[in-house]
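To start, the structure itself, in structure tokens.
Read-outs throughout are calculated quantities, based only on the coordinates presented, and are distinct from any laboratory measurement. What you see is a predicted model; the values in this text were computed from it and never measured. We place every Cβ from the backbone using ideal geometry, glycine too, and count neighbours over all the protein chains shown.
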Amino acid sequence: MPTPHPPDAELRTLIDRIAARDTTAMKALYDRVARKLYGLALRVLGNAQWAEDALQDAMLQVWRTAGDYRASLSPPMAWLSLIARSRALDQLRRRRAEREHLRDDIDDARAVELVSDEAGPLDSSLASQQAKALHQCLMRLEARQRELINLAYLRELSHSELAQQLKMPLGTVKSLVRRGMEQLRICMARFA
Amino acid sequence: MDLHRHPQLLDQLAAAHALGLLRGGARRRFEALAQQHAAVRAAALDWQHRVAGLNEVQPETDVPAAVWTRIDNMLSAERDQHAMTAARSAPAARGGWWNSLGWWRGAAGAGAVATAAVLVTTLALNQRMDTQIDDLRASLQKQPQVGYVAVLSDEQSRASMLITVDPRRGQLVLQRVGDYREAADKSLQLWALPADGAPRSLGVLTRNGQAKLPLDANALQAVPALAISLEPLGGVPSAGGPTGPVLFKGALIHKTT
């Protein structure tokens, strides 16, 4: 059985203290994870101000639901990231609805770039083992595949939305994603 | 087609589902199959677990300092709630605290506010309480899951119990804000007082500061008020109604969001 790595134990302790209404633990957790969660929100939303709102919503949800954390059986960073993604997607849906009639394509183009410059090594010791494996396997994919998979998941984009935003034929998008996911499965099985 | 007998196709569909790429009918059909067949469900969950790592591998980014300040302001509303509890136990603070909480109770509190105004001892204290109330109000407005609020008071109109209801989670949260403690062989029991009909038990309180009771979503329909009675240890059956004295009572306010 693998021993949990120290950052997990530290984050778990902080979440437990937050469940006991300890506001200093809240600040400590924020200092540890805010850059990570903000980075995620920014990739989902492509807009700094919306990402700040999403981070704020996520931290308040952590404050309110820390008592439920243990029952989720998740590594702490996985639980925190899932909360941040959900709150960021809430923002995304709200903003999309707001600008539905504006057809603000410039915004979308800039947002896509923000995701695609992601490539370097994983800059966090906090990530769960599963996420570290995923990251190593993603690095073995073509950049286009990595980008498609990231965008599909982070922004809830469909095949045709991906094709439109990345200016690729629909068939190419479908086969790139399918083959990328197949490679991920094989690669990640080696880490299990 | 028996999807679970075609492992490669199953894997492709489960992967697409986890990424959110199955839409409309395709998504519904896949989810129905997952509910019926354990193998399909397992493949779907495996893939959800794998791709959830995408949330953790995004590059870290510096956060503007103002974000923590905003979060801290909202958390301080919680701290102030505790501070008010402490303030209440100090005699000088009693009037000011109650005065500033008057808004909670709407019309029911109007008389108490007039009385309490006389009891306010220092302006500074009053101002501090106003700030706390503003924060508390801001905090409540930021929490859409609060569907109902009630402050139950004793015969002297001193607030003793703060109740908030989260209808989505089916949860009722009680917080003791007064210094009343029941004897070791007694329990406090919470009752819904319907406009027409007998009181219905909502549960028995624990002895510590905050208690959470599960709540049926419809239990507070057409209930204008709540009450707490003093009962034998463990409480009494709902059907018989309260057997002991009613200690605290207050209007149940439906919070519109």
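Compute the length gained on full extension between B:Ile253 and B:Arg207: take 0.36 nm times their separation in residues and subtract their Cα-Cα distance, giving the result in nm to one decimal. Don't skip to the end; give the middle numbers.
Numbers: separation 46, 0.36 × 46 = 16.56 nm, distance 2.51 nm.
Extra length available between B:Ile253 and B:Arg207 comes to 14.1 nm.
Can you compute the charge dipole magnitude of the range A:116-191 about its Cα centre, using +1 on each Lys and Arg Cβ and -1 on each Asp and Glu Cβ, nothing else charged? Give it in debye, rounded to the nearest 20.
Working: 11 positive and 8 negative charges, 70 e Å.
In debye, rounded to 20, the range A:116-191 gives about 340.
Under 5 Å between amide H atoms, partner at least 5 residues away or on a different chain: which partners does B:Ser187 have, H built in plane at 1.01 Å?
Result for B:Ser187 returns B:Glu231, B:Leu233, B:Gly234, B:Gly235.
Under a 5 Å amide H to amide H cut-off, with H placed in plane at 1.01 Å, what residues pair with B:Tyr148 once short-range neighbours are removed?
Under 5 Å from the amide H of B:Tyr148: B:Val165, B:Lys255.
Under the Karplus relation 6.51 cos²θ - 1.76 cosθ + 1.60, θ = phi - 60°, what is the ordered set of whole-Hz ³J(HN,Hα) values for the range B:41-57, x standing for Gly and Pro?
These are the phi-based 3J(HN,Hα) values: 4, 4, 5, 5, 5, 4, 5, 4, 5, 4, 6, 4, x, 4, 5, 9, 9 Hz.
Using +1 at the Cβ of each Lys and Arg and -1 at the Cβ of each Asp and Glu in the range B:1-63, identify which of B:Gln48, B:Pro59, B:Phe30 lies farthest towards the dipole's positive end.
Of the listed residues, the answer is B:Phe30.
Roughly what would the spin-label model give for B:Arg28 and B:Asp185, points 7 Å off Cα along C-beta, in nm?
6.3 nm
Say R0 is 22 Å: what FRET efficiency, to the nearest 0.05, do A:Glu161 and A:Gln49 get from their beta-carbon distance?
On the way: r = 23 Å, r/R0 = 1.06.
My answer for the efficiency is 0.40.
May I ask you to evaluate 6.51 cos²θ - 1.76 cosθ + 1.60, the Karplus curve with θ = phi - 60°, for each residue of the range B:23-36 and list the ³J(HN,Hα) values in order in whole Hz, giving x for glycine and proline?
Coupling constants for the range B:23-36: 10, x, x, 4, 5, 5, 5, 5, 5, 5, 4, 5, 5, 7 Hz.
Per residue of the range B:59-69, what does 6.51 cos²θ - 1.76 cosθ + 1.60 with θ = phi - 60° give for ³J(HN,Hα)? Whole Hz please, x for Gly and Pro, Karplus curve as stated.
Running phi through 6.51 cos²θ - 1.76 cosθ + 1.60 with θ = phi - 60° gives x, 5, 9, 4, 9, x, 4, 4, 5, 5, 4 Hz.
Compute the distance in nm between two label points, each set 7 Å from the Cα along the Cα-to-Cβ direction, one at B:Ala239 and one at B:Arg41.
Result for the modelled spin labels: 3.8 nm.
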